[in-house]
Amino acid sequence: MHYFVNIVKKYKVVSGPFPKVNKKVLLLYSGGLDTSVMLKWLNEKLGYNVVALTLDVGQRELNLDSVAEKARNIGALDTITMDVKHEFVDGYVSKSILSDGLYEDSYPLSTSIARPLMAEKAVEVAHDYDCNAIAHGCTGKGNDQVRFETSIHALDPSMDVLAPVREWNMNRDDEILYAKEHGIPVPVGGKYSVDENLWGRSVEGSVLEDPLVEPPEDAYFYVTPPGKCKDTIKEVKIGFEKGLPVKLNGQYLPLITIVNELTKIAGENGYGAIDHIENRVTGIKSREFYECPAALSILEARKKLESLALNDKELKLKKYIDDLWANNAYNGLWHDPIMSHLNKTEKSLNEFLSGEIALKFYKGNCIVTGAESPNSLYNYSLSTYGREQTFDQGSAAGFIKIFGMQTILSSNVRNKNTHKLRAIEEEA
Ligand code: ARG
């Protein structure tokens, strides 16, 4: 160790990819094989003291105390576990709800929106602990490296980032061998690569890499697989205020509780699984299996609420803004200033989205069965075909003449010209 420090001082060596020795690195530690091997490797190969940071974003499958203990046993200098569930819900999930956050009309961005928060916490803790670098466990093929590194450098451009998985060229078998040689416990049953938080669960790898293969039952965790659901209907009512869920079945509850309850209720009834072939920011098409019962239920309910309370122009604007929002969130550009413009517009578009939506869950389906809003633009007397109707039908004729004028005019001119052309062709 000293040997390297001396060389650096004597010859003023220009940094290679891993120049720092005997310094502190903050590792975003999940407890899985990659980051466990990384912890040892950063220490052993690169001479870093490792501060392991594990963030609780509502993982349901993990015991975070044992994750911290594992990091200590592998040799972390400090282990930090932070509960950021409320921050995640208040600052990230709620923005995604207001933006109807759905990537490629399918994926509620559960992994995507947790990454900027993790990057923020990593920078914060790295500063507190005087770390010179932040290390993450992402591969060079995915979106998460883009999200972490863009966010970290948006917050602190001087922070070094280490991505050992991109450099070390170890496959899973090599990692297992390294783990065994260094007394690192190898997680059992790690057939899939899973990322989890309270907004959803992302599953990829193994048999899922073949898009022809139906996601097997062992890929499911939040959602009851098809064919295994109870033959009963479960009804819930979600109450919204300014676009956010505030009530479940008439009872005011914190958003985090509503999300957890809906994950359970919808999931038990087989609703919330998504089989998606997605376009990654790196250009790769990947097949991912998601379980997002709460997210899909809330978005489904909001769709109905929006159809009641937004006018036709607002709906079109919202669709456009939502798409921009989802693409930027997916692409790791959470800290781009455009997001703050979009969030302001989204907030304004949500101003009138209050009301109650009734849903029925039945064997993998979510059916919207009723909707009411104090801001509803649905006007019974205008739309009814009954005697009480107030719409002035006579005004329609004049409207059609003006509304259809260009269509009628242009198609008449073209038809005439087409006839002329044909006549000329026939004569020739
Ligand atoms: N494809 C998803 C995204 O980019 C999830 C990535 C993490 N997935 C995983 N199974 N580890 O947001």
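The values are calculated or read from the model by the stated rules, or taken from the named source; none is laboratory data. The model shown is predicted, which means the values in this text are computed figures rather than measured ones. We place every Cβ from the backbone using ideal geometry, glycine too, and count neighbours over all the protein chains shown. Accessible surface areas use protein heavy atoms only, side chains included; no ligands, DNA or RNA. Shrake-Rupley method; radii C 1.70, N 1.55, O 1.52, S 1.80 Å.
On the given criteria, is Glu149 in a helix (DSSP H, G or I), open to solvent by 10 Å² or more (accessible area, probe 1.4 Å) and within 16 Å of the ligand (Cβ to nearest atom)? So Glu149 passes the test.
Asp105 - would you say it is in a loop (DSSP other than H, G, I, E, B) and within 17 Å of the chain's Cα centre (by Cα)? In short, yes.
Any chance segment 311-327 includes a residue that's closer than 22 Å to Asn260 by Cα and assigned to a loop (DSSP other than H, G, I, E, B)? Scanning segment 311-327 turns up no residue that is closer than 22 Å to Asn260 by Cα and assigned to a loop (DSSP other than H, G, I, E, B). Would you confirm whether or not segment 124-136 contains a residue that is modelled with pLDDT of 95 or more, touching a Leu at 6+ places or on another chain (Cβ under 9 Å) and within 16 Å of the ligand (Cβ to nearest atom)? Yes: one or more hits. Determine if segment 182-197 includes at least one residue that is within 15 Å of the ligand (Cβ to nearest atom) and among the polar types (S, T, N, Q). Yes, segment 182-197 has at least one match.
Report, by residue number, each residue of segment 263-282 that is more than 13 Å from the ligand (Cβ to nearest atom) and either assigned to a loop (DSSP other than H, G, I, E, B) or among the hydroxyl-bearing types (Ser, Thr, Tyr) (or both).
Matches in segment 263-282: Thr263, Asn269, Gly270, Tyr271, Gly272.
You will find that of Tyr178, Tyr107, the residue that is within 16 Å of the ligand (Cβ to nearest atom) and at negative phi is Tyr107 and no other.
Taking segment 247-280 as the range and being among the β-branched types (Val, Ile, Thr) and surrounded by 18 or more Cβ atoms within 10 Å (Cβ to Cβ) as the test, the residues that pass are Ile258, Val259, Thr263, Ile265, Ile274.
Checking every residue in segment 199-221 against the condition of being of a type in the set (S, T, N, Q) and either within 14 Å of the ligand (Cβ to nearest atom) or crowded, with 19+ Cβ neighbours inside 10 Å (or both) gives at least one match.
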